[in-house]
Structure formats: structure tokens, C-alpha cells
Amino acid sequence: MTDARTTLAHRDPLLAELDAMAAEMDRAFGRRPANGGARGWLPPVDVWETEDEVVIELDVPGCAAEQLSAEIVNGQLVVTGERQATDGAVRRYRSERWQGRFVRSFTVPAGTDPEAIDASYTDGVLALRLKKPDTVRPRRIEIGRPETVTAAS
């Protein structure tokens, strides 16, 4: 099924050019079409580490906590979610906010315990805290100096 805008773009070269520019901007800002023609997106993410954990924060405002999921699969932390379009709209005049599903994946250190992952969702930010396995935690090694031997006189 084609919508009226797509039909107009095929008939009007200027609209086709504008649609192409919009698609290019979507790619530049990390938005991409999702399956079924719905708009999908890649939420922005920050990843950093402390001495004891790796922290991953994703900006996913408008998602209900029940629509977010995180699991470890084959050494990858896979985060999925969905934001639904507003129900009840009879006619849309503008639709700029992202909607649809997303999937992000991150490599986790070998030996990461899935039970030791803490997840919280506050003010539209999903925070995942992965406790580092002892094998990947930095361990400071003391470097000693040899004791000097004094000559007996």
C-alpha cells in the first residue's frame, strides 16, 4: 500500500528530491526504516567503565519499561525495545518522533555473569551495569627494589 506522499513524490521531481534528502538526513542521524515501513531508530548510547563494572546507558525516552529487554547471547549483550505510535490519531499533520523497534548489541567481557547485571530505567535512560569478571579487572602489581647489600668492614 502506498501513501499519498509517496504517490506525489513519484509524480513531482521536487518532492522526490526532498524525500531523497530526508532519507539521507535520516541515515546521517542514525534513523533507519524498520520492517513493515514503520520508522525505527538506533538510540544514542554511552559506554564507559569503572574499576568494577562496565556501564551502558541508552537514551530511549517514551518507551515503557515493559517494552525494553536486555539479554546476553553468545558473548553479546543484546538490548531491544519498541516505542509505539500514539493511538487514536484520526489524521497526522506531522510525525517527527521516532517509533518502532530497535536492536543494539555490545560485546561483553568473557565470563560476565548475566545474574550480576543491574538494569534501571529512569527519565528515559536505560542504564545497564555489568560487573566485571575478576579475570578482566585490572590488578596492580607492586614492583619492588632489590635490597642493597652493604659491605662489612
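The values are calculated or read from the model by the stated rules, or taken from the named source; none is laboratory data. All values reported here derive from a predicted model rather than from experimental measurement. Cβ sites come from the backbone with ideal geometry, for glycine too, and all protein chains shown count toward neighbours.
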For the stretch 38-67, which positions are in a strand (DSSP E or B) and acidic (D, E)?
D46, E49, E53, E57, D59
Of all residues in the stretch 96-122 being assigned to a loop (DSSP other than H, G, I, E, B) and in contact (Cβ under 8 Å) with a residue 24 or more places away in the chain, which is surrounded by the fewest Cβ atoms within 10 Å (Cβ to Cβ)?
A110
Within the stretch 73-95, how many residues are of a type in the set (A, V, I, L, M, F, W, C) and either assigned to a strand (DSSP E or B) or surrounded by 15 or more Cβ atoms within 10 Å (Cβ to Cβ) (or both)?
4
Boolean, D26 is in contact with a Lys or Arg (Cβ under 7 Å, 6 or more places away or on another chain), acidic (D, E) and modelled with pLDDT of 80 or more
no
If A70 meets every condition in (1) modelled with pLDDT under 90; (2) assigned to a strand (DSSP E or B) apart from one, which number is that one?
(1)
